[in-house]
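Values quoted throughout were computed directly from the atomic coordinates according to the rules given, and no laboratory measurement underlies them. Please read all numbers here as calculations on a predicted model, not as lab measurements. When we count neighbours, we look across all protein chains shown, and the Cβ atoms used for this are built from the backbone with ideal geometry, even at glycine.
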Amino acid sequence: MVSVGGRLGLEGEFVEADLPLLVRRAGMAEWQDDRVRILDRRALPLVEQYLECRSAEEVAVAIEDMVIQGAFSLSIAAGYGLALAAMNGPGNLKSIRSAADRLLKTRPTGLALKRMIEACVQRAGAAIQSGRRPAEAIISTVDEAAATLARQGWKTGQRAAALLEDGSSVLTHCFPDRSYVYMLMEASRAGKRLNIICSETRPYMQGARLTSLCAQQAGFDATVITDGMGGFLMRRGDIGAFVTAADRVCMDGTVCNKIGTYQYALAASANDVPYFTLRQSGPDRESADENDIEVELRPGDALLYCGKERTAPPGVQGLYPAFDITPADLVTAIVTDRGVFEPSRINTYFDANSFVADAIL
């Protein structure tokens, strides 16, 4: 491992320029020159290219086409997409709500997008009533939320890094977004040597293309495996911890994450490997248990192609639930910006003092 450490800002966070590309603002979504600039993650790691969206519809399509992914990253893109609708359309609340409905339909499982859009609509309505420009109110809302997300991710990463043993191999699944990468940066700063095991996560191969890239840029060795290898490696004693983010955490400690997480959690439990879930903003108040989760079914055709080349015979169909659900008893701990919680006690997250943008995030 090559320790990169990273410079620290005034409040202790890492300087933006020292972060791996995918968790910099430029690697997520930015508002530039009345457009939304989004890094095209489909082209990584071979090419660094950007999409410039000029309408809410273009942002919605970018989310659906996996140009951007990750619960918090795509919520930022969607918020800016709504600002485009407010700026380029009639600017009334009806048209803004119509664009909001379109953006909400892009990814139904995670709630970060829903909360961002609801907060933006609320701020836009207040701006219209007071004679101000709704687009400016929306942009301000997204900027504030993005800053809060960064602080939450950093605090969560600090707590998660403390749970990892020096010299261990850490298995993850899918691209786990900002808090996970902060965990790697904090572990690097502490001098811990880790090997990051990245499951391939077909059909988009996020582990091979995105997680391994971030692990390298954070200064760690990265090893790519297929999605079916994790249990074997755990049984052999090669995995020290299984760590993922979560698209949703219920009040009873149930975890919803990228499809395949459940089978890894089962294997981890059977082989005494701890499973840590990173959920920087805590559980979702709207979700008492798994019955409140809508699992997104993505087009099955994604499974029938490798890139643009079809690999399945004509007439074969694909089935692609994008997420699965892991019961609380398979999770060792849920790591948040406020602390590390036993899954059965994650509902006490809200007992702490309120924090900025709680209603948004």
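Here are a few things to note about the model shown:
- Within a straight-line Cα-Cα reach of under 17 Å, Lys114 can be paired with the following lysines, leaving aside sequence neighbours fewer than 8 residues apart in one chain: Lys105.
- Over segment 156-351, relative contact order from alpha-carbon pairs under 8 Å, at least 6 apart, %: 22 percent
- For the chain, the relative contact order comes to 16 percent (Cα pairs under 8 Å, sequence separation of at least 6).
- Each other residue within a Cβ distance under 10 Å of Ile38 adds +1 if Lys or Arg and -1 if Asp or Glu, for a net charge of -1.
- Evaluated over the Cα positions of segment 221-361, the convex hull gives a direction-averaged projected area, one quarter of its surface, of 11.0 nm².
- Rounded Å value of the spacing that divides the Cα centres of segment 261-305 and segment 142-159: 22 Å
- Normalised contact order of segment 16-151, rounded percent, pairs of Cα under 8 Å and 6 or more residues apart: 21 percent
- Rounded tilt (10° steps) of 134-161 against the dominant C-alpha axis of the chain: 10 degrees
- The charge dipole of the chain, taken about its Cα centre with unit charges on the Cβ atoms of Lys, Arg (+1), Asp and Glu (-1) only, comes to about 460 debye.
- Here segment 175-282 carries DSSP beta bridges of which approximately 20% are antiparallel, counting only pairs with both residues inside.
- Span from the segment 179-213 Cα centroid across to the segment 21-69 one, whole angstrom: 21 Å
- Rounded to 10°, Cα long-axis angle of helix 177-189 versus longest principal axis of the chain: 50 degrees
- By the count of other C-beta atoms within 10 Å, a proxy for reagent exposure, Met66, Met183 are ordered fewest to most as Met66, Met183.
- Unsatisfied cross-links (Cα-Cα over 31 Å) in the set Lys155/Lys258; Lys192/Lys258; Lys258/Lys308; Lys155/Lys308; Lys94/Lys155: Lys155/Lys308; Lys94/Lys155
- Positive-pole candidate from Met185, Ala322, Pro274, dipole of segment 156-351, charges at beta carbon: Met185
- Against the chain, whose longest principal axis is taken from its Cα atoms, helix 71-88 shows a tilt of about 10°.
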